[in-house]
1. Quick one: Karplus J couplings for segment 243-248, per residue in order, coefficients 6.51, -1.76, 1.60, θ = phi - 60°, nearest Hz, x for Gly and Pro?
2. Hey, if you put +1 on the Cβ of every Lys and Arg and -1 on every Asp and Glu Cβ in the chain, which of I8, V221, A191 ends up farthest toward the positive end of that dipole?
3. In segment 353-421, with Lys and Arg counted as +1 and Asp and Glu as -1 at Cβ, which of these residues, S405, V387, I420, has the Cα nearest the positive end of the dipole, that is, farthest along it?
4. Could you list which residues have their amide H under 5 Å from that of H270, counting only those 5 or more apart in sequence or on another chain, with H placed in the peptide plane?
5. Tilt of helix 12-27 relative to the longest C-alpha principal axis of the chain, in degrees (0 to 90, nearest 10)?
6. Would you mind telling me the share, in percent, of accessible area of the chain contributed by carbon and sulfur at probe 1.4 angstrom?
7. Would you work out the charge dipole size for segment 99-148 about its Cα centre, treating the Cβ of every Lys and Arg as +1 and the Cβ of every Asp and Glu as -1, and quote it to the nearest 20 debye?
8. With only Lys, Arg, Asp and Glu charged, each at its Cβ (+1 for the first two, -1 for the last two), find how big the charge dipole of segment 206-248 is about the Cα centre; round to the nearest 20 debye.
Amino acid sequence: MISNRDRIATGPDRETALDCIEAAIDAAAPETATRSAVGLDGGTLTVGGSSYDLDEYDDVVVVGAGKAAGGVARALESVLGDRITDGVVVTKHPVETERVRAAVGDHPYPSERGVEATTDLIETVRAADEGTLVLFVLTGGASALLAAPAGSLTVADLQETTEALLSSGVPIGGINAVRKHLSAVKGGRLAREAAPATVCGLVLSDVVGNDLSTIGSGPTVPDETTFDDALGVLDRYDVTAPEAVREYLQAETGGETPGPSDPAFDRVTHHLIADNMTALEGAAEAAEAAGYEPLVLTSRLRGEASEVGKSLVSIGAEAGATGTPVEPPAVLLAGGECTVSITGDGGSGGPNQELALSAALEREDAVLAAVDTDGEDGSSEAAGAVVDGSTVGDGDRERAREHLSVNDAGTYLAQVGATIETGPTGTNVNDVVAVVVGERSS
């Protein structure tokens, strides 16, 4: 999976760190997660704790969006075969499917081809009736891939607003509060399109805390945010949005997104089939198999990436010095989603590389590996980076700090051979960090 592993696995602790990263991504693979949650016994489909008698439905339709949607669709095809009568999923990268159309959109910014694919999805959902079971696949990346500008808004309006939100350090909940109110499908609006069909949601979470209304901006989930909330996000974080966007939000065009009491959700259920903890548990198993004691710190990691990196490596240093909170040899594991506030021109890299470079500057003995499980960290083609106390040389600290200060961690880490290269992984359950402490300090 890690294509440059031979170059960056330069010792047993690094080997273990990379083992943990690969195991985390494998554990959250959409095919693995789907087959663990979905089964077919005769004519009865089980998803999580729910059962669906397929003889009661005229049609079974698979729709959805996200970076892992293609993998889930393939897994559903392997289970249901020709019981699937129609379907379309919107993905970032092309995937081969048999019965479900797989259309390509764009991420992290919506695009015209995303609009075309989403239009196909909406029309498929609108054709559903009381005799239809809609299997709705929702995974990380769906907010951008499901592109359906509301009212008279344009794709350019959505692109500009999304870019401004992402560069302003806005938490994902705030970003999606805005996205929901600029979309014809997000914030529960797709559930309205699907009614009165039965909707079964299969969700891979890329959101800290697994708030269903935030994952993919909640197309089939009740929304409790408002137009005023969306405007408040723009004001609070000083986000420069197009005038057309502000005017649309101020006018509350088209009415509010549907709330919990809306009848659109009467026949909608959701099943979480994988999340960040799924990945961390896979990493913990790999650490234990390598002879290290695993300790999962949190699956709710958040904050400014450069500050979080310092905190995590300091916990590793404490373990190495005192055996607290775990006795070495050990692997400390954390996951979630950190943010980056752009202060430079937006160089190469993303939150995981900023986190890693900031940790490297602390010059601790622990090995730290940090990746985005989708294989694409921010604006670079790297998944993340692996660092230790020798990554930043004695005479190179000022240069490293300069790269970090202008959000160009990726360039520096690539130059010193510290980036982790996986390519697109086909899943997305946020970020995973492994801190490996090989032994107690003398």
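1. After applying 6.51 cos²θ - 1.76 cosθ + 1.60, I find 4, 4, 5, 4, 5, 5 Hz.
2. I8
3. Result: S405, furthest along the dipole toward the positive end.
4. Placed amide hydrogens put G201 under 5 Å from H270.
5. So the inclination is approximately 0 degrees.
6. Its accessible area is 44 percent carbon and sulfur atoms.
7. That gives a dipole near 160 debye.
8. 80
The values are calculated or read from the model by the stated rules, or taken from the named source; none is laboratory data. In this text the structure is predicted, and so the values were computed from the model without any measurement. Cβ coordinates were reconstructed from backbone atoms using ideal geometry, including for glycine residues, and neighbour counts include every protein chain displayed. For the accessible areas, the whole protein counts, side chains as well, though only heavy atoms, and no ligand, DNA or RNA atoms are used. Shrake-Rupley method; radii C 1.70, N 1.55, O 1.52, S 1.80 Å.
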